[in-house]
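Asker: Got a structure here, written out as structure tokens. Questions coming.
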Amino acid sequence: MQQSFSVKVKEDLCQNSIKNTHCATAELAGIIHACGTFSLGAGGMSIKVSTENKNVVNRVFSLVKKLYSMDCQLTQSSSQLQKEIYQVRIQPPEFSAFLADMAIPFGFRFTVDHQGELFSTLIDRDCCQCAYLRGAILGGGIISDPEKNYHMEFVSGTQATAFAVIHVLSLSGISAKCLERKNGFSAYLKDAQSISETLTLAGAHSCVLALENARMIKDIRNNVNRQVNFENANIDKVVNAGMSQTENIQLIEDHLGLENLSPSLREAAELRLQNPEASLSDLAALSGISKSGINNRLRKLAEIADSYRTRFPEEP
């Protein structure tokens, strides 16, 4: 089965090396904010991260190992759609200190305060802002195939976590909006430029190239379509103008006779009758006079035809 673009992005992001503790902390926080919940078991409080992506599972294990020198617990189940769901349980010895590291205020409700001191400390470096976005994509990112449309979401359980992502994006000049979903909230982007910039910040460089390539092909295709539509419109305009002018000349011939026109108007009339689909430029080239000159003569023929239409209206 072909991988979705979302899966490719997450696979690309997991190739980023975990260089330092502050970025590792921000990335892990991004994952937990997106798909983490409180869990109370026999051993006490813990954080449970749920995902369908094996790469994300391995990433969480690596981040927790680097930061806290401990292993996580992994359980596996199937959803109603027969998809494998992985649940990673993180239970550090100092749970309150762990929550502070993850910028989650200690309490009975899982939330994030993007204006609070804990969150400000978490993302106080530019590199940590990028790491947080990487984690938010790994935990809840949905990115449409750029060959079809441009849409990116950061799905999360609460409005507060969606606002946290929107805030971090705004620090890089990227404007996102909040969307309420059936089972939570998401921050979303709808334009290719913002999605490309976000993926670049997060470190999905291979997927950025794929997106930009798809974007370039789309732009070329759209430009070709616009050009074809423009040319077709011009052809229709020329054909309609030629038909209208031919009707005028035939009306004059019926009521006056072309031989009674001035030599210049007669020449223009006969030229149009001989070339009913030619453009003004073509008629000008055939007649040896300017485009404006042939246009003036055809306009005078139209005025003569209109005078006969007024004098001899068609009977109903």
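Asker: Given the criteria within 30 Å of PHE5 (Cα to Cα) and surrounded by fewer than 11 Cβ atoms within 10 Å (Cβ to Cβ), does LYS83 qualify? Even if it seems obvious, please write down each step before you answer.
Answerer: Values: within 30 Å of PHE5 (Cα to Cα): yes; surrounded by fewer than 11 Cβ atoms within 10 Å (Cβ to Cβ): yes.
Considered against the rule, which asks whether it is within 30 Å of PHE5 (Cα to Cα) and surrounded by fewer than 11 Cβ atoms within 10 Å (Cβ to Cβ), LYS83 comes out as yes.
Asker: Quick test for you: out of LEU209, LEU138, pick the one residue that is in contact with a helix residue (DSSP H, G or I) (Cβ under 8 Å, 6 or more places away or on another chain) and of a type outside the set (D, E, K, R). Reasoning before the result, please.
Answerer: Numbers: LEU209 fails: in contact with a helix residue (DSSP H, G or I) (Cβ under 8 Å, 6 or more places away or on another chain).
Of the residues listed, the single one that is in contact with a helix residue (DSSP H, G or I) (Cβ under 8 Å, 6 or more places away or on another chain) and of a type outside the set (D, E, K, R) is LEU138.
Asker: Turning to a different aspect of this structure: Quick one: which helices (runs of 4 or more DSSP H) lie wholly within the stretch 1-75 and hold at least 3 residues that are hydroxyl-bearing (Ser, Thr, Tyr) and crowded, with 19+ Cβ neighbours inside 10 Å? Step through it out loud before you land on a result.
Answerer: Values: elements: 5-13, 21-35, 54-68.
Counting at least 3 such residues, we get no helices (runs of 4 or more DSSP H) at all.
Asker: Which condition breaks for GLU212 when tested against (1) at pLDDT 85 or above; (2) surrounded by 14 or more Cβ atoms within 10 Å (Cβ to Cβ); (3) more than 29 Å from TYR150 (Cα to Cα)?
Answerer: The failed condition is (3).
Asker: Here are SER156, SER194: which of them is surrounded by 14 or more Cβ atoms within 10 Å (Cβ to Cβ) and in contact with a helix residue (DSSP H, G or I) (Cβ under 6 Å, 6 or more places away or on another chain)? Explain how you work it out, then say what you get.
Answerer: On the way: SER194 fails: in contact with a helix residue (DSSP H, G or I) (Cβ under 6 Å, 6 or more places away or on another chain).
Criteria check complete, one pass: SER156.
Asker: Just to be sure, is ALA214 farther than 15 Å from HIS114 by Cβ, small (Gly, Ala, Ser), in contact (Cβ under 8 Å) with a residue 12 or more places away in the chain and not assigned by TED's automatic domain parsing to the domain that holds SER62? Step through it out loud before you land on a result.
Answerer: Details: farther than 15 Å from HIS114 by Cβ: yes; small (Gly, Ala, Ser): yes; in contact (Cβ under 8 Å) with a residue 12 or more places away in the chain: yes; not assigned by TED's automatic domain parsing to the domain that holds SER62: yes.
In short, yes.
Asker: To continue, here is another question. What are the pairs, 6+ residues apart or on separate chains, where a residue within the stretch 234-258 that is in the same structural domain as LEU280 (by TED's automatic domain parsing) has its Cβ under 7 Å from a residue that is part of a helix (DSSP H, G or I) and acidic (Asp, Glu)?
Answerer: LEU258/GLU270
The values are calculated or read from the model by the stated rules, or taken from the named source; none is laboratory data. From a predicted model like this one, the values you see are computed outputs, not experimental measurements. Counting neighbours? That spans all protein chains shown, and the Cβs are built from the backbone with ideal geometry, glycine included.
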